[in-house]
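So the structure is just underneath, and the comments pick up after that.
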Amino acid sequence: MLILNFKTYKEATGKNALIIAQIAEKISEQTGVNIIVVPQPTDIYQIKRAVGIEVWAQYLDPIDPDRHTGFISPYALQQVGATGVLINHSEKKLALKEIEKRVKYAKKYGLTTLVLTDSAEEVEKINLMEPDYIGYEKEELIAGDVSIIEVEGPNIENILDKIDHPLIIGSGIKEKEDIIESLKIGAKGVILASGIIKAQDVEEKILELAKAFKEF
Ligand code: G3P
C-alpha cells in the first residue's frame, strides 16, 4: 500500500487536494495498487464525495461527540467518510498514554489505525496497543533526499522481529527503488509526502512509484 500524506502543503490543500486525490484514484485503478490519501480534515468531505479510494485523517482527538470545541472527533471523521487515521506522526507527537487513548477511540468509530514512531524502543509498546499498522519514520529524514531505507535497513529488520502488526515505513522516500527495497525487507507499504506533492509532474510520479509494487 502507498499512503500519501498531504500534510499542510499548499500544493495539496483545497482544490489542489481534490486534484491529487483524483489522480491517485486513477492510478490506483490503472495499476491495482492500494493508494490511500491523507488530506487535512477540512478536505476529507469533498475528496470522499469525489473518489472511491480510501481517505484517512492525519490526526484525531480521543473524544465522543459532545460539548467540545476545536477538537477533531473520530465520530466526525467517520461521518465525512474517513476510514483510517494516523496517530503520533513525528510532526504531531504524543505521549504513549495519549497514543493508546487514540487507538481505542479510532477503533470505537471503525477507523483503521496507523501508529507511527521514530523510536525503535517505542515500537514494542505500540505493538501491544494492537494498531492495524505500525509506522516507522525518522524525523530528520522527512522531506530530505536520503530515504529511511538507505540508512535504517538493519534497524527496520530488528523492528520487524519485534512486532506482529504490518510495518509501514516512511521519510525521504522518493524513488521507485526505495519502495522496492522497503518491500523486500518486509514492509507492507510506505508512507510519503514531499516526493509526490512537490514533484514537477504529480501524475507521472505517482504512476512511477505505484509501479514499484508490481516490480517487487
Ligand atoms: O507522513 C509521511 C512523511 O512524514 C514523510 O514525508 O516528505 O519525507 O515523504 P516525506
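State whether the residues of region 182-190 include one that is free of Cβ contacts under 8 Å to residues at least 24 places away in the same chain, part of a helix (DSSP H, G or I) and surrounded by fewer than 21 Cβ atoms within 10 Å (Cβ to Cβ). No, the conditions are met nowhere in region 182-190. Between Gly195, Gly135, Gly172, the distinction of being within 10 Å of the ligand (Cβ to nearest atom), assigned to a loop (DSSP other than H, G, I, E, B) and not basic (Lys, Arg) belongs to Gly172 only.
The set of residues in region 109-128 being within 16 Å of the ligand (Cβ to nearest atom) and assigned to a loop (DSSP other than H, G, I, E, B) consists of Asp118, Ser119.
Candidates Ala76, Ala24: the one that is crowded, with 17+ Cβ neighbours inside 10 Å, within 16 Å of the ligand (Cβ to nearest atom) and assigned to a helix (DSSP H, G or I) is Ala24. Using the structure shown, decide if Val33 is under 16 Å from the mean Cα position of the chain (by Cα) and more than 16 Å from the ligand (Cβ to nearest atom). Here the answer is yes, as Val33 does meet what is asked.
Which residues, counting only those in region 198-216, are away from the ligand (no atom under 12 Å from the Cβ) and surrounded by fewer than 16 Cβ atoms within 10 Å (Cβ to Cβ)? Write out each step before concluding.
Within region 198-216, the first condition is being away from the ligand (no atom under 12 Å from the Cβ), and the residues that meet it are 200-204, 206-208, 210-216.
Gln200, Asp201, Glu204, Lys214, Glu215, Phe216 - these are the residues of region 198-216 that are away from the ligand (no atom under 12 Å from the Cβ) and surrounded by fewer than 16 Cβ atoms within 10 Å (Cβ to Cβ).
Of the residues making up region 129-136, at least one is at positive phi and not small (Gly, Ala, Ser).
Readers should treat all values here as calculations from the given coordinates under stated rules, not as data from a laboratory. Nothing here was measured: the structure is a model prediction, and the numbers come from that model. Positions of Cβ are generated from backbone atoms using ideal geometry, with glycine treated the same way; all protein chains shown enter the neighbour counts.
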